[in-house]
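Where a number appears in this text, it was derived from the coordinates with a stated rule and is not lab data. All values reported here derive from a predicted model rather than from experimental measurement. Every residue, glycine among them, receives a Cβ derived from its backbone with ideal geometry; neighbour counts consider all protein chains shown.
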């Protein structure tokens, strides 16, 4: 029972002064055991077993909480393609949403997630994943936005702030250098100061500066120490250099190993007090950990928790009806439509309903509910629209012929009698995703033997499976126009078969409404507008070295478009590539500089005959006196235009975003000389203007 003389529970609408005084009072009255009890989750292992190991069956206690004093616990739910609880809205995976280049859409998705989180009893979300896509083989690539730091920071900030509109604390993860899956629990990442600060950290700082409330540490090591107990990361950089005042919590189960983690800057161990429990109390009593370190962690937690718990709610109530509401399902469809990237098109698309009397829909993935991996990000939506279901609904069941790679002869026969063929190819959760060894389960289904085999992990190949390539080749040989839709979390190489396809789309893992979105794109009801958030190479050797079983690996400046530009290699599809059914023109690029920012404006016109969206990417090309990316994305926006419509759009680049890390002074410097401001994206010619600093 709570001692009513000391009820310090949060109050909606309380002032900052009340919050500060209440936190002081909690710290005065709490015992050491109660304070240490705030520094971990609790009850997960017991509850997980009771729920038959169904991840997300209930909210998970994730730190804070002193019942005697009325301090509530934090209640955690995961993401990032929706709320990993109940039957929530399943949005397209994060990489798909990265392809929209639409921060307004991402904030609206965050707001919807926040409502569904509150409706399901949680107040801490693990949805904001912004690790760099260093190599497309990374099995968990689908959970992040792409390969560029600025893009990651802008999209992650939008999602986090959207979630927090509903007084849910968002956590940004995984801090830091987490860009491989199978070896994530052991790999030691070595990286120099410049690459760390210029490539692997700026997106985290951008999200935290925007106001994202908390940080989740990564499993991997950095320069010999686990990230969850790395003083350099969690204190020197995060709190010292960046001034972060929120709380830091570990990743689940194996996020730290020593009680000194709390002295290094970790505030909460999740999901149980395996280290920050009795072992931590013993370390304090033995004089190995100072008591003020415990108090500091408690204040970090309480300061953040009470700021959200005492803020007025935007809604008067959060009923269960908000979960997977019609409005949120429509938002998932909008996101899927905006994310699909048209990679190639020789005139096959859009299909004409009046001429397509029969459509062959081929490939096992065409009928699979395939929304992404089955690990911690899994969302169990109330329904999933597959491509074949959507096309049957659009054209009628009799107009659809089916087949797959398991019987290529039958698939060829189906295609031969069709006016066009759609082949859905790519991967599913068995082939890429969060790596979950066979002795651990997050509720994924058993195989035919009743066992739960290892699933997900880093890809062994960047190509489509051989049987899918054989299907594409065999169907193309019939002369029927072929459209290939690629389902994958990141880049898939197309060199062996692209010439045989009339059109190629990348649909990613497109969420619960993905099939409907694909049907609309195929028949021109929606204009494709996605842009690649990564680079598709022609050869696997064009990407950085990758070893999914590595014990140690070196990260440097070079990956993605920056590496290919440095090496003088032409990609198959560059970062930002994406075709449309209409055409856009850009002109009148204007650039001016002030003491703190570069101001950019450009005029965009839809010169085609269909409504469409254009994504405008603003890169900066540096003078070249310092070795760094020769150009880097520093701003982007998205504009919707009717045929014949013209609009002038404006973007701003903070001057600090143009600086490089000086390893001697351990600070930031602006390179002197001409900086070229370049507008790109899609297939339009680049525009550029030079500005000198």
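Key figures for this structure:
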| read-out | value |
| --- | --- |
| Cα gyration tensor, the chain - rounded (a/c under 1.5), prolate or oblate | prolate |
| Residue-span extension gain [residue 538 to residue 690] - 0.36 nm each, minus C-alpha spacing | 51.6 nm |
| Stretchable slack from residue 498 to residue 9, in nm (0.36 nm times residue separation minus alpha-carbon distance) | 169.9 nm |
| Computed [θ] at 222 nm, deg cm²/dmol, the chain (DSSP H ≥ 4; -39,500 (n - 2.57); rounded to nearest 500) | -7000 deg cm²/dmol |
| Protection-proxy order for peptides 551-562, 223-234, 41-52, each taking the mean of Cβ atoms within 10 Å per residue, highest first | 223-234, 551-562, 41-52 |
| Bridge type composition, region 335-542 - antiparallel percent by DSSP, nearest 5 | 25 percent |
| Between region 547-580 and region 493-526, the alpha-carbon center distance in angstrom | 23 Å |
| Angle in degrees between helix 291-309 and the longest Cα principal axis of the chain, rounded to the nearest 10 | 50 degrees |
| Beta bridges by DSSP in region 31-320, antiparallel share as percent, to the nearest 5 | 25 percent |
| Fraction of antiparallel bridges per DSSP, the chain only, in percent to nearest 5 | 60 percent |
| Region 31-320: relative contact order as a whole-number percent, Cα under 8 Å and 6+ apart | 19 percent |
| Span from the region 1-72 Cα centroid across to the region 463-490 one, whole angstrom | 53 Å |
| Amide N of region 347-384 lying under 15 Å from the label point, which is placed 7 angstrom from the Cα of residue 398 along Cα→Cβ | 357-359 |
| Theoretical FRET efficiency, 1/(1+(r/R0)^6), r = Cβ-Cβ of residue 585 and residue 17, R0 60 Å, to 0.05 | 0.60 |
| Prolate/oblate/rounded label for region 582-692 (Cα gyration tensor, a/c 1.5) | prolate |
| Neighbour-count ranking [beta-carbon atoms within 10 angstrom, fewest first] of 338, 205 | 205, 338 |
| Contour excess over end-to-end distance, with Cα ends at residue 257 and residue 567 and 0.36 nm allotted per residue | 107.5 nm |
| Crossing angle, helix 326-339 versus the chain [Cα axis fit, 0-90 degrees, rounded to tens] | 60 degrees |
| Cα→Cβ-extended label distance, 7 Å offset, between residue 640 and residue 296, nm | 4.9 nm |
| Two-site label geometry, residue 549 and residue 47: point separation in nm, points 7 Å out along Cα→Cβ | 3.8 nm |
| Which of 180, 155, 27 has the fewest Cβ neighbours within 10 Å, and the rest in rising order | 27, 180, 155 |
| Residue order, fewest to most surrounding Cβ atoms within 10 angstrom, among 262, 189 | 189, 262 |
| Relative contact order [Cα under 8 Å, 6+ residues apart], the chain, whole percent | 15 percent |
| Label-point gap, in nm, between residue 662 and residue 209 - each point 7 angstrom along Cα→Cβ | 1.8 nm |
| Tilt relative to the chain, helix 466-476 - C-alpha long axis, 0 to 90 degrees, to 10 | 30 degrees |
| Cβ crowding within 10 Å averaged over residues, with 160-170, 284-294 ranked highest first | 160-170, 284-294 |
| Estimated FRET transfer efficiency (residue 654, residue 607; beta-carbon r; R0 41 Å; 0.05) | 0.80 |
| Between region 178-217 and region 634-693, the Cα center-to-center distance that results, in Å | 23 Å |
